[in-house]
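The values are calculated or read from the model by the stated rules, or taken from the named source; none is laboratory data. Remember, predicted model here, so these are calculated numbers, not experimental data. With ideal geometry, Cβ positions are generated from the backbone for all residues, glycine too; neighbour counts draw on all protein chains shown.
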């Protein structure tokens with residue numbers, strides 16, 4: 001190995017080129033036979049080239065795609081319903097391809113991916129889920145649908161963990177996230193200030209809380225803006241821990257305000273708890289703005305604010321129509337019947353239960369908001385525990401803990417510059433916030449939210465950073481003066 005070169009800079013094995021060339025030739029031949037497929041063929045070839053040779057670019061492109069996916073579907077449906085359906089189902093097509101390709105790479109190490117991080121824990125969780133399905137007598141179709149919905153977003157972890165980022169790559173990745181998420185935030189504030197303009201321009205729906213229009217930026221629901229701004233907050237707070245520049249603190253504060261504009265109490269509480277813990281450990285004085293914001297809120301909201309809190313509590317907690325309350329109640333009943341293995345994957349509370357028209361919820365007297373249509377219970381943990389039991393739930397949490405611990409370990413490596421360490425800390429913090437928020441939202445099985453959680457974790461597992469770097473890449477914003485080197 002040459003001086004100044006790390007193991008991250010090794011070129012991809014020539015063996016990895018053959019699958020791309022073969023697949024590209026097949027797509028080109030099909031396009032030649034039918035010129036109408038030329039555009040699709042070009043997109044397919046580009047996708048394969050990125051997958052085999054520039055996987056980090058592919059991950060970035062996926063992030064952009066998921067940012068705009070729902071908006072594209074909404075705008076394309078009146079114009080070209082077939083294309084809108086393709087965009088809507090694009091994530092499922094990609095997930096199936098990624099699973100096939102990445103598992104093949106894992107079984108044939110000469111290609112690119114030498115191993116799957118925490119493979120033993122993944123295999124253990126999968127075995128428990130299959131055992132639960134067998135015990136409950138589920139059909140092959142029911143088992144397959146339940147397992148797919150439960151495990152689909154983990155593929156983004158595998159994909160990101162297979163990316164060979166060098167130290168310069170981490171710098172670019174962090175700046176890419178900052179630029180894209182910053183643009184989303186700026187548009188959110190523009191939307192807040194301009195009122196109906198952007199809603200009408202993009203064709204977005206509007207809803208209110210506290211008499212204020214909930215901001216959603218480019219998304220079809222405020223929850224997605226809350227998730228993206230939460231990610232921007234933890235990225236900038238984590239960077240500030242290693243590089244105490246006021247610009248990072250200012251961006252984090254602005255992102256927190258954007259989260260507040262979504263009026264998502266669960267997101268605000270989860271993010272506030274986790275970020276508060278991080279700041280308390282690293283820079284306690286930064287908790288002062290939290291205290292001031294809380295005091296101002298109590299003074300200014302007054303009785304109107306407390307009345308709103310009581311109304312929200314009565315609607316979502318006390319009311320027998322509360323879908324979340326019903327979810328926890330039925331989860332408890334299912335665990336009393338089958339504590340270790342639950343009722344089987346895909347049988348209660350998630351999207352799979354809707355696809356399979358599962359009768360479990362109605363068998364337990366489930367009451368939804370409209371007393372008719374059953375979608376999901378909007379809570380990840382009771383849905384998960386009810387389906388795979390305490391044994392599966394413990395395996396699931398152990399897997400998440402292993403991912404978070406690996407990222408946290410990377411954040412403590414003194415031989416690395418600030419960018420990979422800050423991203424690693426952000427991954428661990430974001431995971432913890434998601435775990436807390438999952439008590440009131442189905443974030444781990446939502447494609448966009450799951451992509452952000454598991455991609456950031458995968459990029460910071462340290463799979464390709466096992467040895468101390470022989471040289472540290474330095475840039476103006478990543479110099480030793482920023483700390484952490």
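Filtering the range 87-103 to residues that are surrounded by 14 or more Cβ atoms within 10 Å (Cβ to Cβ) and under 22 Å from residue 449 (Cβ atoms) leaves 87, 88, 90, 91, 94, 95, 97, 98, 99, 102. Looking at the structure I just gave you, is residue 67 under 30 Å from residue 217 (Cα atoms), crowded, with 19+ Cβ neighbours inside 10 Å and at pLDDT 90 or above? Yes, satisfied. Residues that are modelled with pLDDT under 85, touching a helix residue (DSSP H, G or I) at 6+ places or on another chain (Cβ under 7 Å) and either closer than 30 Å to residue 140 by Cβ or exposed (fewer than 12 other Cβ atoms within 10 Å of the Cβ) (or both) within the range 307-348 comprise just one, 317.
So, in the range 129-153, exactly how many residues are in a helix (DSSP H, G or I) and surrounded by fewer than 22 Cβ atoms within 10 Å (Cβ to Cβ)?
14
Scanning the range 261-289 for residues that are over 24 Å from residue 454 (Cα atoms) and either part of a helix (DSSP H, G or I) or modelled with pLDDT of 75 or more (or both) yields 261, 263, 280, 281, 282, 284, 285, 286, 287, 288, 289.
Take the residues in the range 349-364 that are surrounded by fewer than 19 Cβ atoms within 10 Å (Cβ to Cβ), in contact (Cβ under 8 Å) with a residue 12 or more places away in the chain and out of contact with any helix residue (DSSP H, G or I) (no Cβ under 7 Å at 6 or more places or on another chain); name whichever of them is farthest from residue 150 (Cα to Cα). Ranking the candidates gives 362 first. Among (1) surrounded by 15 or more Cβ atoms within 10 Å (Cβ to Cβ); (2) out of contact with any helix residue (DSSP H, G or I) (no Cβ under 6 Å at 6 or more places or on another chain); (3) closer than 26 Å to residue 255 by Cβ, which single condition is residue 185 missing? Here residue 185 meets the rest and fails (2). Answer with yes or no whether residue 151 is touching a helix residue (DSSP H, G or I) at 6+ places or on another chain (Cβ under 6 Å) and over 16 Å from residue 385 (Cβ atoms). In short, no.
Only one residue in 73, 27, 22 is modelled with pLDDT under 60 and part of a helix (DSSP H, G or I). Which one?
27
Is at least one residue of the range 407-430 touching a residue at least 60 places away in the same chain (Cβ under 8 Å) and under 30 Å from residue 131 (Cα atoms)? Checking the range 407-430: not a single residue is touching a residue at least 60 places away in the same chain (Cβ under 8 Å) and under 30 Å from residue 131 (Cα atoms). Residue under question is residue 249, and the condition is that it be outside any loop (DSSP other than H, G, I, E, B), modelled with pLDDT of 75 or more and under 20 Å from the mean Cα position of the chain (by Cα); does it hold? Considered against the rule, which asks whether it is outside any loop (DSSP other than H, G, I, E, B), modelled with pLDDT of 75 or more and under 20 Å from the mean Cα position of the chain (by Cα), residue 249 comes out as no.
Yes/no per residue for (1) crowded, with 16+ Cβ neighbours inside 10 Å; (2) under 16 Å from residue 221 (Cα atoms):
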position	(1), (2)
174	yes, no
190	no, no
193	no, no
196	no, yes
205	no, yes
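Only residues that are assigned to a helix (DSSP H, G or I) and modelled with pLDDT under 85 were counted across the range 200-228, and they come to 2.
Within the range 94-108, residues that are touching a residue at least 12 places away in the same chain (Cβ under 8 Å) and at negative phi have Cβ atoms under 8 Å from residues that are exposed (fewer than 14 other Cβ atoms within 10 Å of the Cβ) and outside any helix (DSSP H, G or I) in these pairs: 106/114; 106/115, counting only partners at least 6 apart in sequence or on another chain.
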